[in-house]
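Trainee: Just dropping this structure here.
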Amino acid sequence: MPNGFRFVSRKKGGRLLGSDFMRAPYGLEIIESCLSCPYREDRLFCSLSPPAVQKLATITSAAAYPKGATLFLEGQSPRGVFVLCSGRVKLSTSSADGRSLILRISESGEVLGLPATVTGKPYELTADVIEPTQANFISRKDFLCFLREHGEAALRVAQHLGETYHSAIAEMRTIGLSHSAAEKMARFLLDLSANQDEQKGEVRLTLTLTHEEIAQMIGASRETVTRVFADFKKKQLLRVTGSSLIIANRAGLEKVLGS
C-alpha cells in the first residue's frame, strides 16, 4: 500500500452512497466518481462512451495523499494505475550509487503507472507526491479487464504510451545534446513556459521545485543550477519574486540554445 492516507468510497450498483461522502484531509475536494468529475472533457478516459465511463467508475477507488507520500517505487511489481485527479507527482529514477534524475512532474489528469501495469514489468520510475494530491487507484486486474472490454479505452492507452515515448525522447535530447548547463536550464525554462500565456512580453510561472530538484531534472548539480539562475537574472532573462518565476526575455533564452 502506498505511503499516506487512503480514502476509499463504498459503492452500490456502481453508484456512490451519499452518506459515504467525506471532506478529505490536506484541503482537497475529493472527486469520488468519474461520473461526477467536473474535468471529464480534458482527461485520458473522460470522453469515453457512457457504458465505459460507468464501468470505470465501478473499479476506481478514491484516495488522497499528503506531500511526501509515495505512490509506487521503481522496481516494485505493478499493482495498478493511479489516476491523478488533482495535485502534482514527481516521477524519478535513481542509480545504484544514489543519484536521482527527475524525469518530469505529472499534472492533474494523467494516469500514472501505465507502462508497468500494461506490460506486467516492474514500475520503471518512483512516483512521489509533491503537494496534497488525489490519485485514484485501479488494480491491474480490473484495469486490464476494462481494456479488454472497451477497445476505445485501449486505443487511448496506446496513444498515451506513444506520447510518453516521445516525451522521453525529448528529455533525452535535452540532457544528452545540450552542451552546457546554461543551455539545459534555458531549454528547461522554455519547455516549462511553452503552454503559458505571455503578457506584456513576460511569462509568469509558479515554481515550486527546489534548486536540487531542478538539478535532478536537467542532469546538473544544485550549485550549478544556483549559479546559472544568478547569471540569467543578471542578464535580465528572468526575475524571481517569491514563488513566482518571471521569464522576462524568452528570445534571450532561445538565443542561449543557439550559442
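The values are calculated or read from the model by the stated rules, or taken from the named source; none is laboratory data. The structure presented is a predicted model; accordingly, all values stated were derived computationally and were not measured. Cβ: placed from backbone, ideal geometry, glycine included. Neighbour counts: every protein chain shown. The accessibility values were calculated without ligands, DNA or RNA, using every heavy atom of the protein model including side chains. Shrake-Rupley method; radii C 1.70, N 1.55, O 1.52, S 1.80 Å.
Trainee: Output the residues belonging to segment 212-224 that are surrounded by fewer than 16 Cβ atoms within 10 Å (Cβ to Cβ) and either touching a residue at least 40 places away in the same chain (Cβ under 8 Å) or under 24 Å from the mean Cα position of the chain (by Cα) (or both).
Mentor: Result: 212, 221, 222.
Trainee: Having 2 or more residues that are more than 17 Å from residue 80 (Cβ to Cβ) is the bar; report the strands (runs of 3 or more DSSP E) wholly within segment 94-145 that clear it.
Mentor: Strands (runs of 3 or more DSSP E) meeting the threshold: 100-106.
Trainee: Go through segment 225-259 residue by residue and tally those that are β-branched (Val, Ile, Thr), closer than 23 Å to residue 128 by Cβ and crowded, with 18+ Cβ neighbours inside 10 Å.
Mentor: Pass one, segment 225-259, residues β-branched (Val, Ile, Thr): 225-226, 228, 240-241, 246-247, 256.
When the remaining residues are screened for being closer than 23 Å to residue 128 by Cβ, the result is 225-226.
Next, only the ones that are crowded, with 18+ Cβ neighbours inside 10 Å stay: 225.
Number satisfying all stated conditions: 1.
Trainee: Another question about this same structure. For residue 198, which of the numbered conditions (1) surrounded by 12 or more Cβ atoms within 10 Å (Cβ to Cβ); (2) over 25 Å from residue 94 (Cβ atoms); (3) within 25 Å of the chain's Cα centre (by Cα) fails to hold?
Mentor: Tallying (1) surrounded by 12 or more Cβ atoms within 10 Å (Cβ to Cβ); (2) over 25 Å from residue 94 (Cβ atoms); (3) within 25 Å of the chain's Cα centre (by Cα), residue 198 fails exactly one: (1).
Trainee: Could you go through segment 154-161 and let me know if any residue there is farther than 26 Å from residue 232 by Cα, within 15 Å of the chain's Cα centre (by Cα) and of a type outside the set (D, E, K, R).
Mentor: Within segment 154-161, the subset farther than 26 Å from residue 232 by Cα is 154-161.
Adding the requirement that they be within 15 Å of the chain's Cα centre (by Cα) leaves 160-161.
So of that shortlist, the ones also of a type outside the set (D, E, K, R) come out as 160-161.
Yes, because at least one residue in segment 154-161 is farther than 26 Å from residue 232 by Cα, within 15 Å of the chain's Cα centre (by Cα) and of a type outside the set (D, E, K, R).
Trainee: Which residue is least open to solvent (accessible area, probe 1.4 Å), if the candidates are limited to segment 180-195 and must be within 17 Å of the chain's Cα centre (by Cα) and not hydrophobic (A, V, I, L, M, F, W, C)?
Mentor: My answer is 193.
Trainee: Can you tell me which of (1) aliphatic (A, V, I, L, M); (2) without any contact (Cβ under 8 Å) to a residue 12 or more places away in the chain; (3) exposed (fewer than 14 other Cβ atoms within 10 Å of the Cβ) is the one residue 168 doesn't meet?
Mentor: For residue 168, the exception is condition (2).
Trainee: Now a separate question. Does segment 121-131 include one or more residues that are at pLDDT 80 or above, touching a Lys or Arg at 6+ places or on another chain (Cβ under 7 Å) and farther than 14 Å from residue 104 by Cβ?
Mentor: Within segment 121-131, one or more residues are at pLDDT 80 or above, touching a Lys or Arg at 6+ places or on another chain (Cβ under 7 Å) and farther than 14 Å from residue 104 by Cβ.
Trainee: I would also like to ask the following. Considering only segment 127-137, I want to know if a residue exists there that is under 30 Å from residue 67 (Cβ atoms), touching a helix residue (DSSP H, G or I) at 6+ places or on another chain (Cβ under 8 Å) and not charged (D, E, K, R).
Mentor: no
Trainee: More than 15 Å from residue 89 (Cβ to Cβ) and either out of contact with any Pro (no Cβ under 8 Å at 6 or more places or on another chain) or modelled with pLDDT of 90 or more (or both): is that true of residue 134 in this structure?
Mentor: So residue 134 does not fit the description; no.
Trainee: Could you go through segment 94-101 and let me know if any residue there is modelled with pLDDT of 95 or more, open to solvent by 40 Å² or more (accessible area, probe 1.4 Å) and under 23 Å from residue 217 (Cα atoms). Before the answer, list the steps.
Mentor: To start, the set of residues in segment 94-101 that are modelled with pLDDT of 95 or more comprises none.
No: segment 94-101 contains no residue that is modelled with pLDDT of 95 or more, open to solvent by 40 Å² or more (accessible area, probe 1.4 Å) and under 23 Å from residue 217 (Cα atoms).
Trainee: Now, a different point. Go through (1) in contact with a helix residue (DSSP H, G or I) (Cβ under 9 Å, 6 or more places away or on another chain); (2) in a loop (DSSP other than H, G, I, E, B) for residue 255 and report which single condition fails.
Mentor: (2)
Trainee: Sort out which residues of segment 61-119 are free of Cβ contacts under 8 Å to residues at least 12 places away in the same chain and basic (Lys, Arg), and write them in order of number.
Mentor: The one that is free of Cβ contacts under 8 Å to residues at least 12 places away in the same chain and basic (Lys, Arg): 99.
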